[in-house]
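One structure below.
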Amino acid sequence: MKESMKWVLQHFPDSDAEEVIRDTQKMIQAKSYNPPGDETRVAEFAAKRLREAGFDVEVDEFEKNRCNVIATYGNKDDIALILNGHMDVVPAFGKWEYPPDQGLRKDGILHGRGSCDMLGGIAAILRAASIIGREKINPKRGVMVLLVSDEEDVNRGIRHILATRKIKADAAVIAEPTSCEIHLGNKGYSSFYIDTEGVGCHTSKPWEGVNAIYKMGHVIEKFEIYAENLKNVTNPYLGQATACIGTIHGGVRVNTVPDKCTVEAERRLLPGETIEQLRKEIQDVAGEEATVRDRSFFPASLIDIDNPLVKNCQAGLEVLLKKAATISVFTACSEASMFSVKCNIPTILLGPGSIKYAHRVDEFCPENEIVLCAKLFTGLIYESIH
């Protein structure tokens, strides 16, 4: 990998560094906010860049204004590496110091919604593809760029891909914001509803009804004990499992005994925990008088620290940073398990910017991190297919 990085440094002029920032700006200006959900302009821009690089590109519009970009270079039947990113960003809210939809630059910092989560990462992928194509590398194997929609909601994009085609590769990199650290994986995520039912009546005679909120109160007390006990469920890399009730809805008027109450809760999962196991756990906590309904489920993802992908990234970052790479784990949920668990593809997360500044007012990304990731991704492609 170090030899591949030497090749990259010889073929990555300052003009490429400038171009990758400009590409990020253009995608920020496309405003692919979700909701409402429309990645079309980002997809068209990315597809154009990839076609110019000589990639075989498909833009798959699976719903109105919702599409994925699937691009391959080299042997599409022998994919060595997948580079993945999501094209949607959360909406811009609140009062910003810099306009969220312009991608303004100041003192080496790129400002704007999606700059770190994760249009900067996508721009780095596109620049790596452009360099490989420009230098007319003769590939022995193949690389795939997979850009998806709706990651910020219910993951329609990647779910559609996995439902309609078989994805195989030796390794995958998701360009989520990790501050250019190698993140071995992330906890899984499940959200679900718990419902209680009562009997509504006038509050002047509450004994004639059954208060669904009171019933839910007992469930919440048990859930709090359950969540506290999860401190004993741990993983040496990912830490402890967690659970939390986030919303509660019940009743229609203050003078009516509520006949329904619903809470929405989530559970952060560790490797090996399954949807079947989780359903039983939550139903046991809720008890017979409550009903549990699934909303979403993502297993945990964790790659072996000795995997060749990790070693290659370590070697590449050492060349670029002139110091040892940092290895950690991703604190948020991601689509890593879609590759690692569902497709059995070893997967890491590595990209520019910090998750700390995602989904908030004045999101930003250091320009040098976008450039660094573009160089690393170029090296990973070169190493994988050459």
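For a quick check of your reading: which strands (runs of 3 or more DSSP E) sit entirely within the stretch 106-206 and have at least 2 residues that are among the hydroxyl-bearing types (Ser, Thr, Tyr) and modelled with pLDDT of 95 or more?
188-197
Any idea which of GLY85, GLY112 is crowded, with 22+ Cβ neighbours inside 10 Å, at positive phi and touching a residue at least 24 places away in the same chain (Cβ under 8 Å)?
Step by step, each of GLY85, GLY112 is checked, and only GLY112 is crowded, with 22+ Cβ neighbours inside 10 Å, at positive phi and touching a residue at least 24 places away in the same chain (Cβ under 8 Å).
Return the pair list, or none, for Cβ contacts closer than 9 Å from residues in the stretch 266-291 that are of a type in the set (Val, Ile, Thr) to residues that are modelled with pLDDT of 95 or more and in a helix (DSSP H, G or I), at least 6 apart or on different chains.
What qualifies is ILE282/PHE223; ILE282/TYR226; VAL285/VAL219; VAL285/LYS222; VAL285/PHE223; VAL285/ILE225; VAL285/TYR226; THR291/GLN283.
Could you list, in sequence order, all residues of the stretch 1-19 that are in a helix (DSSP H, G or I), closer than 12 Å to ILE131 by Cβ and out of contact with any Ser or Thr (no Cβ under 9 Å at 6 or more places or on another chain)?
LEU9, GLN10, SER15, ALA17
Among the residues of the stretch 289-302, is any modelled with pLDDT of 95 or more, of a type in the set (Lys, Arg), surrounded by 14 or more Cβ atoms within 10 Å (Cβ to Cβ) and not assigned by TED's automatic domain parsing to the domain that holds GLU152?
no
Any residue in the stretch 36-59 that is more than 18 Å from ASP23 (Cα to Cα) sitting within a Cβ distance under 8 Å of a residue that is of a type in the set (Asp, Glu) and at pLDDT 95 or above? List the pairs, counting only those 6 or more apart or interchain.
Note: pairs meeting the criteria are GLY37/ASP88; GLY37/ASP150; VAL59/GLU44.
Taking the options LYS280, LYS311, name whichever one is under 29 Å from VAL8 (Cα atoms) and at pLDDT 95 or above.
LYS311
Looking at ASP107, ASP150 in this structure, which one is among the charged types (D, E, K, R), touching an Asp or Glu at 6+ places or on another chain (Cβ under 7 Å) and more than 18 Å from TYR73 (Cα to Cα)?
Within the list ASP107, ASP150, the selection yields ASP150.
Does the stretch 186-200 include one or more residues that are basic (Lys, Arg) and under 20 Å from the mean Cα position of the chain (by Cα)?
Checked against the condition, which is being basic (Lys, Arg) and under 20 Å from the mean Cα position of the chain (by Cα), the stretch 186-200 yields at least one hit.
Determine if the stretch 213-223 includes at least one residue that is under 24 Å from the mean Cα position of the chain (by Cα), touching a residue at least 40 places away in the same chain (Cβ under 8 Å) and over 26 Å from HIS183 (Cα atoms).
Checked the stretch 213-223: no residue is under 24 Å from the mean Cα position of the chain (by Cα), touching a residue at least 40 places away in the same chain (Cβ under 8 Å) and over 26 Å from HIS183 (Cα atoms).
Just one of (1) assigned to a helix (DSSP H, G or I); (2) out of contact with any Asp or Glu (no Cβ under 8 Å at 6 or more places or on another chain) trips up TYR237, so point out which.
Checking TYR237 against (1) assigned to a helix (DSSP H, G or I); (2) out of contact with any Asp or Glu (no Cβ under 8 Å at 6 or more places or on another chain), the one that fails is (1).
Looking at ASP88, ASP77, can you tell me which residue is within 15 Å of PHE45 (Cβ to Cβ) and at pLDDT 95 or above?
Testing whether each residue is within 15 Å of PHE45 (Cβ to Cβ) and at pLDDT 95 or above leaves just ASP88.
Just name the residue that is farthest from THR178 (Cα to Cα) out of those in the stretch 355-386 that are in contact with a strand residue (DSSP E or B) (Cβ under 8 Å, 6 or more places away or on another chain) and of a type outside the set (A, V, I, L, M, F, W, C).
Going through the qualifying residues, I end up with SER384.
Identify, please: which residue in the stretch 49-79 is assigned to a helix (DSSP H, G or I) and among the charged types (D, E, K, R) and is, among those, surrounded by the most Cβ atoms within 10 Å (Cβ to Cβ)?
The extreme case among them is ARG49.
Look at ARG66 and say whether it is assigned by TED's automatic domain parsing to the domain that holds ILE381 and under 20 Å from PRO352 (Cβ atoms).
No, not satisfied.
With ILE370, ILE305 as the choices, which residue is surrounded by 17 or more Cβ atoms within 10 Å (Cβ to Cβ) and of a type outside the set (Ser, Thr, Tyr)?
Selected residue: ILE370, the only one of ILE370, ILE305 that is surrounded by 17 or more Cβ atoms within 10 Å (Cβ to Cβ) and of a type outside the set (Ser, Thr, Tyr).
The values are calculated or read from the model by the stated rules, or taken from the named source; none is laboratory data. Keep in mind that this is a model prediction, so the values were computed, not measured. In this analysis, Cβ positions are derived from the backbone assuming ideal geometry, glycine residues included, and neighbour counts consider all displayed protein chains.
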